[in-house]
Every structure is written in C-alpha cells, then in structure tokens.
1. Taking segment 250-322, which chymotrypsin sites (Phe, Trp or Tyr not before Pro) meet the DSSP loop condition and have no more than 15 other C-beta atoms within 10 Å?
2. What whole number of Å gives the distance from the Cα centroid of segment 183-203 to the Cα centroid of segment 45-102?
3. With a 1.4 Å probe and all protein chains left in place, how much of the accessible area of segment 304-458 comes from carbon and sulfur atoms, in whole percent?
4. Rounded to the nearest 0.05, what FRET efficiency is calculated for R430 and E382 with R0 set to 35 Å and r the Cβ-Cβ distance?
5. In debye, nearest 20: dipole of the chain around its Cα centre with unit charges on the Cβ of K, R (+) and D, E (-)?
6. So which trypsin sites (Lys or Arg not before Pro) in segment 1-75 are both in a DSSP loop and have at most 15 other Cβ atoms within 10 Å of their Cβ?
7. What do you get for the angle between helix 287-311 and the principal long axis of the chain? Use alpha-carbon atoms, 0 to 90 degrees, nearest ten.
8. Could you tell me how many degrees, from 0 to 90 and to the nearest 10, lie between the Cα long axis of helix 11-22 and the main elongation axis, the longest principal axis, of the Cα atoms of the chain?
Amino acid sequence: MNKISVIGTGYVGLVTGACLSDFGLNVLCMDNDVEKIKKLERGIIPIYEPGLDAVVERNVANCRLAFTTDIKRAVEESDVIFIAVGTPPLEDGSADLKFVEAVARDIGRYMNGYKVVVDKSTVPVGTGQRVKQWVREELLKRGADYEFDVVSNPEFLREGSAVYDFTHPDRVVIGAESERALERMKQVYRVLYLNETPFIETNIETAEMIKYASNAFLAMKITFINEIANLCEKVGADVQDVARGMGRDGRIGPKFLHPGPGYGGSCFPKDTLALVKIGREYGAPITLIEQTVKANEAQKRLMVAKIMEGLGSLVGKQIAVLGLAFKPNTDDMRESPALVILNELANRGARFRVYDPKAMEEAKWRLANLKDRITYCQNEYEAIADCDALVILTEWNQFRSLDLARVKLLLKEPYFFDLRNIYKREQMERAGFYYFGVGQGKNKEWTEGQCQAAAVKE
Ligand code: NAD
C-alpha cells in the first residue's frame, strides 16, 4: 500500500492528510512550523474547520496519521509526496513559488527510491516542469539517479466545508506524464474512484490551468452579480429575484450569484491576480479577469460609500461589526473584505465594536493597527450595544436570526447595513430599521424618524 507524506500542514495539507488517512492510507503530515506540529501532536487543530478534529483524532488513534517537522523522514518514508505549501502573491501579483521550490529541493536531497511528487498547491502553468527541474538538480548534486514523476493534482475544497469537499469532490483532476504515476494516483484516490467520482486525466499543464480557470471563473461570477446588484439599486430591481431568475437557467446555475462586499479569502484574490499575470506574460491577456480584479476592489469601497451615504460623517460614530472572517465557518481572514472596509471607515473617524464567532484571535493581529479603535466583544448583542449603526460583514448562521427588537433597542440609531443580504428590506423596514442591503432595490434617503413612523403604521 502507498505511504503518503503531505508537506505543508495548513488548510489544504491538513485536510488532505487527514482525509487520505480516513481512506485507510498511512499518512505523515510534515510542516516546518514547529508550533503547529506541536499543537497537532497534542491533539489541537490549529485552524477552525468543521468536522476536521474528529477525522484527525480517529486516524491518529488508529495510527494511520502522524505529524513531523522532519522533512528527511517525510521524504524517505513515503511513496507519494503531496506538496501543499502556500503560494502567496508577490508584489506584482505573480505567485511566489519559493516554498514550493524549497520543498522540491528537499525532496531531491532526501529521495531514496521512486516517488510520485504531487503538486497540490495552486501554481502557475509550467510549475510542474520546474518542480521536476528542482528535484533533478538536487539529485544531480548528490550524484543520485532515482526515478520520479511529478503530478499536478489541484485542490478544489472550500474552507468551512473542506472535509466534505475533499471526500465528495465534483471531480479529481490528475495531470500526469506516465502511466505509472497515474496508476499510483488512482490507488491513492481509490475510495473516490470506486464511488464513481469523475476523474479528469490530463497533462500537467492542463491540470494547472484547470485550477486557475475554475477559480477565476467563480470570482468573475461573484463580481458579475455584484455589479448587477449595484445597478439594481439604481433602477429599483431586486437582485435576489434577479439571481433566482437567472439561476434557474441550467446554463447559468444558482451558485455564486450572491452579491456582497466583494470576494476575499486565500484563493480568489491571489489566483485571479496570478492568472492576469500569466496571461500578460504569454501575450494572451485575460481581460475579463483583469476587470474582475478591479471591480472587486471597487466593490469593497462601494460598501464604505454605502455606509457613509446612510450615516453621513463618521467622526465620533461607533459601528457594530458582525463577522470578520472572509466567509462563515472559518477563522480565516486572509483578504477578508472586513480588512479594507474597517480600515477605510476608521480613516473617516469611525470606532468599532466587533464580534465574529471564530475569527477574533486572527482579527486581533490582522487589525492590530486599529487596536485603539476596536472593542472586541463576547457576542453579537454586546457588540451592538450603544452603537450608531450595525454592519453585517460575514453571513454566519447565528446572525440570520437576530432578535430584531433587542437589536433596535440596543442601537442608538437603527441603521442596519446588511452587506450579505441575509435579511429582506421589507421585513427590516417593518421592524423599524433604516435598512441598507446590496441590490435590494433603491436605497431610501431616510429622514429622521421616517422609518419608525413607517413601523408604527404597520
Ligand atoms: P496555509 O498557509 O494554510 O498552509 C501552508 C503550510 O505550509 C503552512 O503551515 C506552512 O508552515 C507550510 N510550509 C511552508 N513552507 C514549508 C516547507 N518548506 N516545508 C514544510 N512546510 C512548509 O496554506 P493553504 O491555505 O493550505 O494553501 C496551500 C495551497 O493550496 C496554496 O497554493 C493555495 O492556493 C492552495 N489552495 C488553498 C485552498 C484553501 O481553501 N485554503 C483551496 C484550494 C487550494
């Protein structure tokens, strides 16, 4: 049976390692972050990902999953080595491959027999060939001549439902150059293969492109509905009904048609930038994605304008912020729209009382520059107390059923900015709020007391 190593034990690496061990394989997860590995050895999961703790726990108990900081051991003891390190953006938008290179070189340094080196990190087209080169260079330095194959096996899991996504993927993409490597990958994913998950077998470059094209397309779909939402506000249409009407068209589909404050997270922002860079480099610009990147930046700022439109001057205003993570069910704040929006509002004089069910620790260092302006609260109602307005930035389920009467009592002024459209305008206006959604018809120009008067009439 194949022994697996996963190098890089972050969101993708830990989920990959844990789920493969749950498929019955022996997996060693390696990371050079000593603290992270120490935590894992003590049974502490360093990230919030629903269901992951149980998968890790049962496979550690069954001795199928272990952790190490020893790269030599991880390479020597495995038949298949997954690279799952980060590929963050460089200043010019291109993907920084220094972590991938470091791992590839380590693999070459410690290789002791045939290995399949699997690139699971999201990397620019052509990286598979570079990985091959880096491994080969290190083997040459040692005068060693082991055979190996490089495979591209991009990951499509979503944070927040990563365990489910890994174990129930829409497809498994395998870019390989030899039958031997392909067969080994099919053994690794045997459980999914037996479950009739579609396998897309391609060359390495195609597999690498599938990942960027998929993420860029989804980012574009979100941006499209955001721009439609902005237009809906001008013409008096309701974007949620528009999305429903569009989504019923089988050629379009209902997913990723939820307008909001712009996409964020660890993938879409960096992958769109990287694809733009690759397109430019090869003289085949992906202009739709260039525009997507710009429109997404503008969307975050438009949310700031929306809040200012409602509140006027922000000097001396205190704003309750519910949700900081880039989406619900994760503690990840990488590229979260909250970062731009809070900074922009703070620049205009606002102070904040904030609450997120999981991202508070991460927020404390990511928003350290605003520490004098932010009060971190224990729950949503504590955050709302005594504020001039409420802004919902992440659609955590618990924010979907707020006690509206209590919210209204707690707020100094009933300004409600629902940047995730989790409430309906009519419902909120009936409840006496000055309500601002995204694309839910024309925003009213409220005058003092109008909303309350409307609520009383109801
Ligand atoms: P992450 O930052 O959470 O994890 C990366 C890990 O690699 C870190 O723990 C880091 O310490 C470790 N690392 C870095 N250099 C190392 C080295 N030389 N040796 C051992 N460990 C090393 O990143 P992530 O979110 O898991 O993303 C990893 C890759 O997967 C990226 O390319 C990303 O684009 C891609 N991806 C991410 C997601 C997602 O939802 N997060 C989904 C699909 C694909």
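The values are calculated or read from the model by the stated rules, or taken from the named source; none is laboratory data. The structure presented is a predicted model; accordingly, all values stated were derived computationally and were not measured. Neighbour counts are summed over all protein chains in view; Cβ atoms, including those assigned to glycine, are modelled from backbone coordinates with ideal geometry. Just the protein is used for accessible areas: all its heavy atoms, side chains included, with ligands, DNA and RNA removed. Shrake-Rupley method; radii C 1.70, N 1.55, O 1.52, S 1.80 Å.
1. Working: sites: F256, Y263, Y282; in loops: F256, Y263, Y282.
Of the chymotrypsin sites (Phe, Trp or Tyr not before Pro), the ones in loops of segment 250-322 whose Cβ has at most 15 other Cβ atoms within 10 Å are Y282.
2. For segment 45-102 versus segment 183-203, the Cα centre distance is 21 Å.
3. On the way: 3040 of 6730 Å².
Taking all protein chains in place, segment 304-458 shows 45 percent carbon and sulfur surface.
4. On the way: r = 26 Å, r/R0 = 0.74.
FRET efficiency, R430 to E382: 0.85.
5. The dipole of the chain has a size of about 520 debye.
6. Working: sites: K3, K36, K38, K39, R42, R58, R64, K72, R73; in loops: R42, R64.
Counting only loop positions with at most 15 other Cβ atoms within 10 Å, the trypsin sites (Lys or Arg not before Pro) in segment 1-75 are R42.
7. 30
8. So the helix axis and the longest Cα principal axis differ by about 60 degrees.
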